[in-house]
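Since the structure comes first, as structure tokens, the remarks are kept for the end.
The values are calculated or read from the model by the stated rules, or taken from the named source; none is laboratory data. Remember, predicted model here, so these are calculated numbers, not experimental data. Heads up, the Cβs are rebuilt from the backbone with ideal geometry, glycines too, and the neighbour counts pull from every protein chain shown. Protein only, heavy atoms only, side chains kept; ligands, DNA and RNA dropped before computing areas. Shrake-Rupley method; radii C 1.70, N 1.55, O 1.52, S 1.80 Å.
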Amino acid sequence: QAKAEGKRRLCFFDTEMQASVTRRLQLEKDIIRGLERGEFVIYLQAQLGEHQGLIGAEALVRWQHPERGVLAPGAFIEAAESAGLMGRIDSGVLRLACEQLAAWSRQPELAGLTLSVNLSAAELYRAGFVEEVQDVLAQTGANPARLKLELTESMLLSDMPIAIARMRALKDRGVRFAVDDFGTGYSSLLYLQQLPLDQLKIDQSFVRALPDDNNSLEIVRTIIALARSLRMEVIAEGVETQAQRQTLLASGCHLYQGYLFARPEPAQVLERMLSPAHGQPASV
Ligand code: C2E
Ligand code: MG
Ligand code: MG
Ligand code: MG
């Protein structure tokens with residue numbers, strides 16, 4: 001009887017596996033169709049400086065799925081990556097971000113804002129990456145100095161000489177670089193010093209544990225000190241509470257991103273934060 005049960009279980013497992021493979025293939029087909037129909041858009045999440053003023057935003061991809069509604073990257077990034085489709089999504093995001101920067105540059109009250117764009121692991125190392133970014137900047141008329149590209153520690157470390165060469169080529173045009181989710185990867189002073197970086201983004205896992213968790217507080221303070229000694233900006237992501245913001249401020253971090261201030265929203269919602277009717281975002 002145990003044997004029969006084992007068999008049944010094996011069958012069940014096979015069916016499950018098959019169903020999951022079918023779902024994955026369907027999702028991949030769906031992503032290709034979505035790309036063809038322009039269903040991938042960017043939402044912008046505000047980044048605030050000292051005195052809570054808007055300084056820029058991070059562009060976060062969203063899939064406006066015809067049946068499932070607006071989907072966050074968690075619902076499709078893994079499938080897109082394994083199907084080799086992330087490059088197409090990232091290219092689309094970069095173009096939309098540059099178009100947004102160009103549109104802002106024509107409005108004096110928005111012209112100073114920066115836009116950060118996430119890159120996936122494969123992007124930086126893809127042949128023609130530097131040229132593609134340069135082309136998109138030229139075609140859209142975006143000011144390169146307003147564009148920030150976000151990389152992760154593991155991406156930077158996988159081939160440092162190539163990463164440095166590509167970053168330098170774009171930095172010569174004025175593009176800036178940030179390390180996303182900083183503190184979660186393998187960080188060594190040696191590599192940080194060699195890379196042409198402009199900003200460290202303190203990972204939200206540390207920010208979330210503030211103000212009570214002493215280990216996280218120590219890590220946050222270390223990252224802030226590191227940024228200062230390497231002359232980089234430091235921004236905290238995932239700031240959700242007033243207590244977190246105050247702890248960060250007291251530790252010397254003056255740039256913030258998080259639900260406390262704004263969620264990722266379509267561009268018009270972010271722009272309203274600066275419209276004359278509303279003035280600067282209200283102090284929180
Ligand atoms: P990330 O770049 O670290 O972006 C921050 C994520 O945290 C975003 O999730 C954002 O919505 C969320 N977040 C912001 N503030 C808060 C907060 O106060 N509390 C909490 N709990 N969450 C907050 P999202 O939009 O779902 O994106 C997840 C990840 O997907 C991003 O993490 C990034 O790694 C990736 N991603 C997003 N857009 C792109 C893209 O265009 N290309 C690539 N390659 N990756 C992207
Ligand atoms: Mg990011
Ligand atoms: Mg992050
Ligand atoms: Mg991330």
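The table that follows gives values for the structure above.
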| item | result |
| --- | --- |
| Length gained when the stretch GLU50-ARG231 is fully extended (0.36 nm per residue, less Cα-Cα span) | 63.4 nm |
| Relative contact order (percent, whole number), segment 159-284, Cα cutoff 8 Å, 6+ residue spacing | 18 |
| Of the DSSP H helices in the chain, those whose Cα atoms cover at least 20 Å axially and whose Kyte score averages 0.0 or more | 86-105, 214-229 |
| Accessible area, probe 1.4 Å, largest first, for residues HIS65, HIS51, HIS254 | HIS51, HIS254, HIS65 |
| 15 Å beta-carbon shell around ALA145, net charge (K/R +1, D/E -1) | +2 |
| Efficiency of FRET from Cβ geometry, LEU71 and ASP172, R₀ 45 Å, rounded to 0.05 | 0.75 |
| Segment 50-178: proportion of alpha-carbon pairs further apart than 21 angstrom, % | 43 |
| By average C-beta atoms within 10 angstrom, highest first, the peptides 81-93, 156-168 | 81-93, 156-168 |
| Computed [θ] at 222 nm, deg cm²/dmol, the chain (DSSP H ≥ 4; -39,500 (n - 2.57); rounded to nearest 500) | -15000 deg cm²/dmol |
| Whole-number percent relative contact order across segment 7-83, with pairs defined as alpha carbons under 8 Å at least 6 apart | 24 |
| LEU249, LEU226, reordered so the largest accessible area comes first (probe 1.4 Å) | LEU249, LEU226 |
| Ellipsoid semi-axes in whole angstrom, largest first, where each is sqrt(5λ) of the Cα gyration tensor of segment 168-273 | 23, 21, 11 |
| Over segment 65-172, relative contact order from alpha-carbon pairs under 8 Å, at least 6 apart, % | 28 |
| LEU113 accessible area, 1.4 Å probe, all protein chains in place, Å² to nearest 10 | 10 |
| Charge tally in the Cβ shell below 13 Å around TRP104, where Lys, Arg are +1 and Asp, Glu are -1, TRP104 excluded | -1 |
| C-alpha center-to-center spacing [segment 251-267, segment 157-206] in angstrom | 21 |
